[in-house]
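The values are calculated or read from the model by the stated rules, or taken from the named source; none is laboratory data. What you see is a predicted model; the values in this text were computed from it and never measured. Ideal geometry is used to build each Cβ from the backbone, glycine not excepted, and the neighbour counts take in all protein chains shown.
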Amino acid sequence: MTSQIHPSSIVSPKAKLGKNVSIGPFCIVEDNVTLGDNTKLISHVSLTGTTTLGQDCVLYPYVSMGHPPQDFKHKGGAVSIMVGDRCTFRENANVHPGTDAGNPVTRIGNDCYFMVGTHLAHEGQMGNNCVISNGVQIGGNVTIGNHVIMGGLSAVHQNTRIGDHAFVGGMALVTLDVIPYGSVIGNSAHLAGLNVVGLKRRGFSRDVIRDLRSAYRLLFAEEGTFAERLEDAEETYSEHQLVMDIVTFIRDQEKRRICMPHTGW
């Protein structure tokens, strides 16, 4: 099927449109934009820069992508946005490209849902099946894994990592790395346990969750140093993939420390 473009929209002849693309009223699609098959722009969407969206994406009114990043180190070089398939961006969602001073590409995986008023800043790297709730603000060069859920009005500091299957509570201020399968709450955010609800919903077995809980208690106990407990967990659970995901994530830290449990109650 051919694409449908409302007469009030401005679509560059240089833009690449897949099959059955629908562009509603008052949209702007500039030269270097690529839209995959069946992607739909409801209305008032602004897409510029080198911005690529996969198949079956839906963009609601006032979504904006591809305008220059809000990073003063960026000097105007070639940067881009890459979005996977079946992603939804609700009203006033905003995504910035990478920078020529760092990673030139902002990436979003498949099946991600950005709710109203969300922002993904320059150089963001996001996996698949993430839910970004209303008003979430994600700083520059943030890495977010797969199956991450971020609660409404939460915020993530630049250069922070959030691991696979993590949960960020509403209005949390995340300034430190969040381990895979972890759950964080508060301002500033602290680790509040494992995202057990999410693990159950995604079909992880009771045995797997039980072992993960045991490893969590070992890692964040009060005895010994954290380095010692990390080694103990690595040795004890070397055959447990989820635990090793956490161990590897912790060992790979570079710019941020790990978000730890609250000790001030």
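Would you mind stating whether Thr99 is in the same structural domain as Ser64 (by TED's automatic domain parsing), in a strand (DSSP E or B) and in contact (Cβ under 8 Å) with a residue 24 or more places away in the chain? When the stated conditions are applied, Thr99 does not pass them.
Yes/no matrix, rows are residues, columns are (1) assigned to a loop (DSSP other than H, G, I, E, B); (2) surrounded by fewer than 19 Cβ atoms within 10 Å (Cβ to Cβ); (3) in contact with a Ser or Thr (Cβ under 6 Å, 6 or more places away or on another chain):
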| residue | (1), (2), (3) |
| --- | --- |
| Pro25 | yes, yes, yes |
| Asp31 | yes, yes, yes |
| Asp37 | yes, yes, no |
| Thr51 | no, no, no |
| Gln55 | yes, yes, no |
| Pro61 | yes, yes, yes |
| Pro69 | yes, no, yes |
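Would you confirm whether any residue within the stretch 213-223 is of a type in the set (Ser, Thr, Tyr), at pLDDT 95 or above, closer than 19 Å to Asn110 by Cα and surrounded by 16 or more Cβ atoms within 10 Å (Cβ to Cβ)? Checked the stretch 213-223: no residue is of a type in the set (Ser, Thr, Tyr), at pLDDT 95 or above, closer than 19 Å to Asn110 by Cα and surrounded by 16 or more Cβ atoms within 10 Å (Cβ to Cβ). Counting only residues that are among the hydrophobic types (A, V, I, L, M, F, W, C) and over 18 Å from the mean Cα position of the chain (by Cα), how many does the stretch 247-257 have? Matching residues across the stretch 247-257 total 2. Look through the stretch 73-92, keep the residues that are in a loop (DSSP other than H, G, I, E, B) and within 17 Å of Val142 (Cα to Cα), and return whichever of them is nearest to the chain's Cα centre (by Cα). Here the answer is Val79.
Checked against the criterion of being among the aromatic types (Phe, Trp, Tyr) and assigned to a loop (DSSP other than H, G, I, E, B), the stretch 242-260 has no qualifying residue. For beta carbons closer than 8 Å, sequence separation of 6+ or different chains, a first residue in the stretch 225-248 that is assigned by TED's automatic domain parsing to the domain that holds Leu212 and polar (S, T, N, Q) and a second that is surrounded by fewer than 18 Cβ atoms within 10 Å (Cβ to Cβ) and modelled with pLDDT of 95 or more, the qualifying pairs are Thr236/Leu218; Ser238/Met244.
When restricted to residues that are closer than 15 Å to Asp245 by Cα and of a type in the set (Phe, Trp, Tyr), the stretch 213-228 contains 1. Pull up the stretch 103-139, narrow it to residues that are aliphatic (A, V, I, L, M) and assigned to a strand (DSSP E or B), then point me to the one that is nearest to Cys57 (Cα to Cα). Going through the qualifying residues, I end up with Ile108. The number of residues in the stretch 115-149 being under 21 Å from Tyr216 (Cα atoms) and either surrounded by 21 or more Cβ atoms within 10 Å (Cβ to Cβ) or in contact with a Phe, Trp or Tyr (Cβ under 7 Å, 6 or more places away or on another chain) (or both) comes to 5.
Number of residues in the stretch 62-105 that are within 21 Å of Pro25 (Cα to Cα) and basic (Lys, Arg) equals 1. Per the listing Gly152, Gly117, Gly140, the residue uniquely on the phi > 0 side of the Ramachandran plot and small (Gly, Ala, Ser) is Gly117. Filtering the stretch 165-182 to residues that are crowded, with 22+ Cβ neighbours inside 10 Å and of a type outside the set (Phe, Trp, Tyr) leaves His165, Ala166, Val168, Ala172, Val174, Asp177, Val178, Ile179, Pro180, Gly182.
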